[in-house]
Amino acid sequence: MDDKVKNYYKNNFLFAGHRMVMPQAGEKFQHSCSQCKYFVKVIGRQETRRVCLARVKAYQNRSKRVPDSIEIVELMLLLGKEALEKLLGEGGQYQMACGAFERKI
């Protein structure tokens, strides 16, 4: 493709703005992570971050209640250091919600 065609599609908002959403996934794309009950504050020694706990088995199986905020030491004991670093590295407040979305009450 030459540059003229690439620029046409790049600047065409109608072409770029249409996205296909599957009917079964409609609920998933309507919410952000900040509205989910699994998106909690993790309180560390120097800073506080928001993290998604949807993939943590203790909260996924509902054997533990999902808190509003949690100390980082508790998560470290529950997950381990490597899994905690991975958990803190992913996710963001403005991302679209994942399949484990449940609205905060």
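Read the figures in this text as sums done on the coordinates, not as results from a lab. Note that this is a predicted model, so its numbers are computed, not measured. A quick note on method: Cβ atoms are made from the backbone with ideal geometry, for glycine too, and the neighbour counts reach across all protein chains shown.
Tell me which residues, restricted to region 77-95, are surrounded by fewer than 13 Cβ atoms within 10 Å (Cβ to Cβ) and over 18 Å from the mean Cα position of the chain (by Cα). Break it down into steps so the answer makes sense when it comes.
The first filter runs over region 77-95 and keeps only residues surrounded by fewer than 13 Cβ atoms within 10 Å (Cβ to Cβ), leaving 77, 80-82, 85-86, 89-90, 92-94.
Correct list: LEU77, GLY80, LYS81, GLU82.
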- request: Identify the residue in region 60-76 that is over 19 Å from the mean Cα position of the chain (by Cα) and surrounded by 10 or more Cβ atoms within 10 Å (Cβ to Cβ) and, among all such residues, is farthest from THR48 (Cα to Cα).
  value: LYS64
